[in-house]
Amino acid sequence: MRKASPVDVDKLVSLMAEFYSASPYTLNPRRAREAFTPLLADERLGHVWFVQANSQDVGYVAVTLCHSMNYGGLCATVDDFFIQPAFRGAGLGKAALAEVRNFCVSHGIRALHVETSRDSAPALAVYRHAGFVATDLVHLTLPLAEPTHAP
(Lines give C-alpha, C1' and ligand atoms only; values in the text may rest on other atoms or scores of the structure.)
Protein backbone atom coordinates (compact mmCIF):
# COMPACT_ATOMS: atom_id res chain seq x y z
CA MET A 1 0.00 0.00 0.00
CA ARG A 2 1.01 3.61 -0.47
CA LYS A 3 0.17 6.29 2.07
CA ALA A 4 -1.97 9.03 0.55
CA SER A 5 -1.05 12.70 0.98
CA PRO A 6 -2.93 15.99 0.49
CA VAL A 7 -1.91 16.07 -3.19
CA ASP A 8 -3.90 12.86 -3.74
CA VAL A 9 -7.35 14.29 -2.98
CA ASP A 10 -8.54 14.36 -6.61
CA LYS A 11 -7.39 10.78 -7.24
CA LEU A 12 -9.13 9.62 -4.06
CA VAL A 13 -12.37 11.41 -4.99
CA SER A 14 -12.19 9.75 -8.41
CA LEU A 15 -11.82 6.31 -6.82
CA MET A 16 -14.62 7.14 -4.38
CA ALA A 17 -16.86 8.11 -7.32
CA GLU A 18 -16.10 4.75 -8.92
CA PHE A 19 -16.91 3.03 -5.62
CA TYR A 20 -20.26 4.81 -5.27
CA SER A 21 -21.19 4.34 -8.96
CA ALA A 22 -21.96 0.70 -8.19
CA SER A 23 -24.18 1.59 -5.23
CA PRO A 24 -27.59 3.20 -4.79
CA TYR A 25 -25.86 6.33 -3.44
CA THR A 26 -24.97 9.50 -5.33
CA LEU A 27 -21.59 10.93 -4.41
CA ASN A 28 -21.27 14.64 -3.70
CA PRO A 29 -17.71 15.32 -4.98
CA ARG A 30 -17.44 18.61 -3.08
CA ARG A 31 -18.28 16.88 0.21
CA ALA A 32 -15.90 14.03 -0.66
CA ARG A 33 -13.05 16.56 -1.11
CA GLU A 34 -14.05 18.21 2.16
CA ALA A 35 -13.93 14.80 3.87
CA PHE A 36 -10.51 13.78 2.51
CA THR A 37 -8.74 17.14 2.89
CA PRO A 38 -8.55 17.37 6.72
CA LEU A 39 -8.00 13.62 7.05
CA LEU A 40 -4.94 13.80 4.82
CA ALA A 41 -3.65 16.95 6.52
CA ASP A 42 -3.91 15.78 10.16
CA GLU A 43 -2.84 12.28 11.21
CA ARG A 44 -4.67 12.74 14.50
CA LEU A 45 -7.87 12.24 12.48
CA GLY A 46 -6.79 9.10 10.65
CA HIS A 47 -4.95 7.77 7.65
CA VAL A 48 -5.63 6.91 4.02
CA TRP A 49 -3.69 4.42 1.93
CA PHE A 50 -3.88 3.47 -1.72
CA VAL A 51 -4.24 -0.24 -2.38
CA GLN A 52 -1.79 -1.09 -5.14
CA ALA A 53 -1.29 -3.79 -7.74
CA ASN A 54 1.99 -3.68 -9.65
CA SER A 55 2.64 -0.13 -8.33
CA GLN A 56 -0.73 1.00 -9.72
CA ASP A 57 -3.32 2.59 -7.39
CA VAL A 58 -6.36 0.32 -7.70
CA GLY A 59 -8.25 1.24 -4.54
CA TYR A 60 -8.01 2.87 -1.17
CA VAL A 61 -8.70 2.36 2.50
CA ALA A 62 -9.58 5.25 4.81
CA VAL A 63 -9.17 4.73 8.55
CA THR A 64 -10.49 7.31 11.00
CA LEU A 65 -9.54 7.61 14.67
CA CYS A 66 -11.39 8.36 17.90
CA HIS A 67 -11.00 7.87 21.64
CA SER A 68 -13.18 5.09 23.02
CA MET A 69 -14.33 4.83 26.60
CA ASN A 70 -15.35 1.24 25.90
CA TYR A 71 -11.77 0.26 24.99
CA GLY A 72 -10.03 2.82 27.19
CA GLY A 73 -8.05 4.46 24.45
CA LEU A 74 -7.67 5.12 20.76
CA CYS A 75 -9.88 3.15 18.35
CA ALA A 76 -10.03 3.17 14.57
CA THR A 77 -12.74 2.65 11.98
CA VAL A 78 -12.29 1.39 8.46
CA ASP A 79 -14.45 4.23 7.18
CA ASP A 80 -14.14 3.57 3.46
CA PHE A 81 -12.58 0.64 1.60
CA PHE A 82 -12.64 0.12 -2.15
CA ILE A 83 -10.79 -2.02 -4.67
CA GLN A 84 -11.57 -1.72 -8.36
CA PRO A 85 -13.58 -4.74 -9.58
CA ALA A 86 -10.87 -5.93 -11.99
CA PHE A 87 -8.48 -6.37 -9.05
CA ARG A 88 -10.82 -8.11 -6.59
CA GLY A 89 -10.27 -11.74 -5.66
CA ALA A 90 -6.48 -11.47 -5.85
CA GLY A 91 -5.93 -11.10 -2.10
CA LEU A 92 -5.43 -7.32 -2.18
CA GLY A 93 -8.26 -6.68 0.27
CA LYS A 94 -6.98 -9.31 2.68
CA ALA A 95 -3.46 -7.88 2.47
CA ALA A 96 -4.69 -4.29 2.90
CA LEU A 97 -6.71 -5.16 6.01
CA ALA A 98 -3.72 -7.04 7.43
CA GLU A 99 -1.53 -3.95 6.91
CA VAL A 100 -4.16 -1.73 8.52
CA ARG A 101 -4.38 -4.12 11.47
CA ASN A 102 -0.60 -4.17 11.89
CA PHE A 103 -0.48 -0.37 11.69
CA CYS A 104 -3.15 -0.10 14.38
CA VAL A 105 -1.44 -2.58 16.69
CA SER A 106 1.92 -0.82 16.28
CA HIS A 107 0.30 2.54 17.11
CA GLY A 108 -1.46 1.36 20.27
CA ILE A 109 -4.94 1.41 18.77
CA ARG A 110 -7.16 -0.76 20.95
CA ALA A 111 -9.91 -1.78 18.51
CA LEU A 112 -10.61 -1.61 14.80
CA HIS A 113 -14.21 -1.21 13.69
CA VAL A 114 -15.85 -1.42 10.29
CA GLU A 115 -19.25 -0.44 8.99
CA THR A 116 -20.82 -2.13 5.98
CA SER A 117 -24.22 -2.97 4.61
CA ARG A 118 -25.99 -6.01 6.04
CA ASP A 119 -26.73 -6.97 2.43
CA SER A 120 -23.12 -6.91 1.24
CA ALA A 121 -22.16 -10.58 1.51
CA PRO A 122 -18.78 -10.14 -0.26
CA ALA A 123 -17.73 -7.29 2.07
CA LEU A 124 -18.95 -9.16 5.15
CA ALA A 125 -16.94 -12.21 4.08
CA VAL A 126 -13.76 -10.15 3.64
CA TYR A 127 -14.19 -8.47 7.01
CA ARG A 128 -15.04 -11.69 8.84
CA HIS A 129 -12.05 -13.40 7.26
CA ALA A 130 -9.89 -10.54 8.58
CA GLY A 131 -11.18 -11.24 12.11
CA PHE A 132 -13.99 -8.70 12.48
CA VAL A 133 -16.96 -10.00 14.46
CA ALA A 134 -20.50 -8.77 14.92
CA THR A 135 -21.36 -7.45 18.37
CA ASP A 136 -24.62 -6.90 20.20
CA LEU A 137 -24.07 -3.14 20.05
CA VAL A 138 -26.29 -1.10 17.76
CA HIS A 139 -24.74 1.67 15.70
CA LEU A 140 -27.03 4.72 15.54
CA THR A 141 -26.40 7.97 13.69
CA LEU A 142 -27.65 11.52 14.23
CA PRO A 143 -26.66 13.45 11.08
CA LEU A 144 -25.40 16.95 11.92
CA ALA A 145 -24.21 17.87 8.43
CA GLU A 146 -24.81 16.99 4.80
CA PRO A 147 -23.41 13.51 4.04
CA THR A 148 -20.81 12.80 1.38
CA HIS A 149 -23.39 10.63 -0.38
CA ALA A 150 -27.15 10.45 -0.55
CA PRO A 151 -29.49 7.59 -1.51
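List pairs: first residue in segment 123-137 and within 16 Å of A76 (Cα to Cα) and of a type outside the set (V, I, T), second residue part of a helix (DSSP H, G or I) and open to solvent by 50 Å² or more (accessible area, probe 1.4 Å) anywhere in the structure, Cβ distance under 8 angstrom, at least six positions apart or on different chains. Between residues of segment 123-137 that are within 16 Å of A76 (Cα to Cα) and of a type outside the set (V, I, T) and residues that are part of a helix (DSSP H, G or I) and open to solvent by 50 Å² or more (accessible area, probe 1.4 Å), the close pairs are A130/K94; A130/R101; G131/R101.
The residues of segment 103-119 that are of a type outside the set (V, I, T) and either open to solvent by less than 90 Å² (accessible area, probe 1.4 Å) or over 16 Å from V63 (Cα atoms) (or both), listed by number, are F103, C104, S106, G108, A111, L112, H113, S117, R118, D119.
Scanning segment 68-119 for residues that are part of a strand (DSSP E or B) and closer than 17 Å to A134 by Cα yields C75, A76, T77, V78, D79, A111, L112, H113, V114.
Suppose the filter is over 16 Å from the mean Cα position of the chain (by Cα) and aliphatic (A, V, I, L, M); does V100 pass it? Steps first, please.
Numbers: over 16 Å from the mean Cα position of the chain (by Cα): no; aliphatic (A, V, I, L, M): yes.
No: the conditions fail for V100.
Apart from one condition, I83 fits all of (1) within 17 Å of L15 (Cα to Cα); (2) open to solvent by less than 40 Å² (accessible area, probe 1.4 Å); (3) touching a Phe, Trp or Tyr at 6+ places or on another chain (Cβ under 7 Å); the exception is (3).
What are the residues in segment 120-139 that are within 26 Å of E18 (Cβ to Cβ) and either open to solvent by 60 Å² or more (accessible area, probe 1.4 Å) or part of a helix (DSSP H, G or I) (or both), if any? If the condition is that a residue be within 26 Å of E18 (Cβ to Cβ) and either open to solvent by 60 Å² or more (accessible area, probe 1.4 Å) or part of a helix (DSSP H, G or I) (or both), then A121, P122, A123, L124, A125, V126, Y127, R128, H129, H139 are the ones that fit. In segment 51-58, is there at least one residue being part of a helix (DSSP H, G or I) and exposed (fewer than 12 other Cβ atoms within 10 Å of the Cβ)? Within segment 51-58, not a single residue is part of a helix (DSSP H, G or I) and exposed (fewer than 12 other Cβ atoms within 10 Å of the Cβ).
Which residue, of L65, L142, is over 26 Å from S14 (Cβ atoms), of a type in the set (A, V, I, L, M) and outside any helix (DSSP H, G or I)?
Values: L65 fails: over 26 Å from S14 (Cβ atoms).
Just a single option satisfies the conditions, and that option is L142.
Among the residues of segment 82-99, write down those that are touching a strand residue (DSSP E or B) at 6+ places or on another chain (Cβ under 6 Å) and free of Cβ contacts under 8 Å to residues at least 60 places away in the same chain. Scanning segment 82-99 gives I83, F87, L92, G93.
The values are calculated or read from the model by the stated rules, or taken from the named source; none is laboratory data. Computed from a predicted model, the values in this text were never measured in an experiment. We place every Cβ from the backbone using ideal geometry, glycine too, and count neighbours over all the protein chains shown. For the accessible areas, the whole protein counts, side chains as well, though only heavy atoms, and no ligand, DNA or RNA atoms are used. Shrake-Rupley method; radii C 1.70, N 1.55, O 1.52, S 1.80 Å.
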